[in-house]
Amino acid sequence: MRVVLLTGKGGVGKTTLSAATALGAAAHGHRVFLLSTDPAHSVGDALGRPVGGRPVEVAPNVVAQEIAVLDEIERSWAPIQAWLRQLLREGADELVAEEILVFPGLEELVALRAIREVEALGDFDTCVVDCAPTGSTLRMLRFPDALAVFMGGLFDMERRAARIVKPILDRIGVHGLVPGDEVFAAFERLVRDVDDVRQILLDGDRTTARLVTNAARVVVDETRRSFAYLSLYGVATDAVLVNRLLPPTAQDGFFAKWVAREQTEIAALESAFGVPLLRAGLRPAEPIGPDALRALAREVYGDRDPAAILHHGRPLRWRRVGAKTLLEIALPNVSKEEIEVAVHGADLHLRVRDARRAIALPDSLVGRVIEGAQLRGATLVVTW
Amino acid sequence: MRLVFYTGKGGVGKTTTAAATAAYAAACGRRTLVLSADPAHSLGDVLGVRLDQKTTTPLRVAPGLDALEVDSRATLDPHWGAIRDYLVSLFRHQGIYDLCIVDCAPTGSTLRLVTLPEVASRAVKLLLRVQRAVATLVSPVARVVVPVPLPGPEVFRDIDRMLYERLAKLRERLLEADTSVRIVVTPERMVIDEALRAHTDLALFELACDAVVMNRLYPAEAAAEAFFESWGRLQEERLAEVEESFAPLPVLRAPLAREEVVGVAALAAHGAAIFADADPAAVLCVAPRLRFARGKGEYRVELPLPHARKDALDVAKLDDALLVRTGNRRRAIPLPRKLAALALVGAKLDAGVLTVRLGTPR
């Protein structure tokens, strides 16, 4: 199943373009699932009809769903919650038991897990995802690495301890305090889910991100940052969508300076990414409802199939050159001073400004010293 | 110190509006601090300065105006870590400033931020109890089996006290009369819808809104251009609608400028246009708050919940708390002891106020 993630600074028209992309893909003969993972759902607003936590057909060959994160969490975390409740035995704190399980990043994770469930349905060949605004999306992409470290370390240890302690406690009559195997199993399921989601996100042959932006400086700056971060996390970006461009007639009146500014920003955008830059003009009225959205899709994608991969490029690549191993990471729009590279155990830790990532090393490289790290153009090359 | 949070759907110009308020207040002689708690920082971009996220010392950007972007990379857990840092900085700056403007993350996460003290103080207590229980039981054996020692109970006790005190203090601070939230909107359907939801959710947690800022309104001259005519008319309609929905909150009008508002001078001028004759640091509207009232043989809990919908509202009583859920948010409102003993006998939603009756069950 093809997965298209639309993300970008909030308010740039990400939801509208997600819905347009879904409807446009359906017009090209695809069976499309439109998934909203943004906690502030607005897919329904764009389509001009209610969309909820259950999949609903919103147009021929387009099914939409807004993920109800709390319900999803309740569903998958039942054993863990049961354990917590047993510990508490005070009704009023049940609420808290739920809240506590919604740790930062979990919402996004649970939401993204839905992609896998859509795939499992087998009825759709394309899934268009309306992602949370940039900040949270990036956090979510980092999350798999962080969680694996956390879970791997903490829970293995506790589980080993619990196995030994539990029989003793059971005998002396202290029940429920040490988590049972079903609790650990639930955590393990979560780790597996995370891993599945990550496999999907990092598979450049089917998953690509599209950055939605406006031609305004603050937004463009952030789009350039996001592009670098996505690439750092190994997610391929196949297009940048510039939304709400002012019409040509605007250049003579009140909006003259905005039009000039847009042109400068467009020029910057064109040179910054090396992926197709698609444009959508400001419309005379808000595009709401399937017809308006289809028209918008035609304007953005032209004859192109919105579900196609619009650009092929690998953000992360391992290579062998003689006795050396090279890791190449495409990092456009960053300077040398903004990058830190270090090896910790079996991971390569990479920091670009305030984003971090742990890249698992192939076994053959664990314990070996990095020979060097160099920024060659827009590619970071780490050599062992 | 007056504390004002700016929130709204991402991209509505929240950061610019927050910075404009701060710059204008500083120009009016208020010692002002503007803080950004948005993980995707753009406060520095708007002010036209480079803010170093490694420091917790605000940068002086103009006379009477300091700015700080809260670091979001200090911990593995960026969201909570950042908030903790930000809390620390907030308390540290008490007394130095007359006004603190906080540019929050987009609406969803902002609620997280402002509701966090309440949820977290309960959650932290719970988590610590769980960990303590496990640690007390597991430690003696674990020390033998597991090479890494688990922390002893004394460690948990300290963390508990520290966090609890700090969070409780913040919660109190947020409920004080000089703390307000301002919601920034643009004349767009989706933005307004989300603002309405945010207003309900904020009220659920007793966070008082004192104004709505309608951003990017086309000035007459812009709306007169042919292509923009229908947008101009639409904006007028939306403005009227927002004024009606959010009444009695004042709706401040922020005009679209001829170019991007960047730099302290431009921001101060923009702020002056937004506030017209109003004082940017004043409490612009005093909203009703949660109230416990005594009736005939029963007590009433009155919680203002503007725009709440009956079908998305759930009320229940559990021990000493009243559980209220609106859409995706929920809260356990602690009840005074006298009311905790009573039973829920009725609830109704009328004119944006949820009234829950508590009495002796028959």
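Annotations for the structure displayed:
- Within-12-Å neighbourhood charge of A:ALA297 [Cβ basis; K, R +1; D, E -1]: -1
- Phi angles across segment B:13-19 convert, under the Karplus curve 6.51 cos²θ - 1.76 cosθ + 1.60 with θ = phi - 60°, into 3J(HN,Hα) values of x, 4, 5, 4, 5, 4, 5 Hz, Gly and Pro given as x.
- Our analysis of segment B:174-278 gives Rg over Rh at 1.00, with the two radii drawn from alpha carbon positions and Rh computed by the Kirkwood formula.
- Taking amide hydrogens as placed 1.01 Å from N in the peptide plane, the amide H of B:ARG31 sits under 5 Å from those of B:ASP98, B:LEU99, each at least 5 positions away in sequence or on another chain.
- Once backbone amide H atoms are built at 1.01 Å from N, B:SER36 has B:LEU68, B:GLU69, B:VAL70, B:ASP103 as its partners under 5 Å, excluding neighbours fewer than 5 places away on the same chain.
- 5 angstrom amide H check on A:LEU5, placed H, neighbours 5+ away: A:VAL129, A:THR208, A:ALA209, A:ARG210
- Whole-Hz Karplus values for segment A:266-280 come out as 4, 4, 5, 5, 4, 8, 7, 10, x, 10, x, 10, 9, 10, 9 Hz, taken residue by residue from phi with 6.51 cos²θ - 1.76 cosθ + 1.60 and θ = phi - 60°; glycine and proline positions read x.
- Take the Cα of A:HIS311, go 7 Å toward its beta carbon, and the backbone nitrogen atoms of segment A:366-384 under 20 Å from that spot belong to A:376-381.
- P(r) for segment A:254-384, from all Cα pairs and a bin width of 5 Å, is 2, 8, 13, 14, 13, 11, 10, 10, 8, 6, 4, 1, 0 %, short bins first.
- Calculated FRET efficiency for the pair B:GLU298/A:ALA295, C-beta based, R₀ 56 Å, to 0.05: 0.45
- Neighbourhood charge, 11 Å Cβ-Cβ cut-off, centred on B:PRO250 and excluding it, Lys, Arg +1 and Asp, Glu -1: 0
- Gyration tensor (alpha-carbon) shape descriptor, segment A:316-383, a/c threshold 1.5: oblate
- Cα shape, segment A:246-310, gyration tensor, a/c 1.5 rule: oblate
- With a cut-off of 15 Å between beta carbons, the residues surrounding A:LEU282 carry a summed charge of -2, where Lys and Arg count +1 and Asp and Glu -1.
- Distribution of pairwise C-alpha distances over segment B:291-359, 5 Å bins, in %: 4, 17, 32, 26, 15, 6, 1
Bear in mind these aren't lab numbers, they're just calculated from the coordinates by the rules spelled out. The model shown is predicted, which means the values in this text are computed figures rather than measured ones. All Cβ positions, glycine included, derive from the backbone under ideal geometry; neighbour counts span all protein chains shown.
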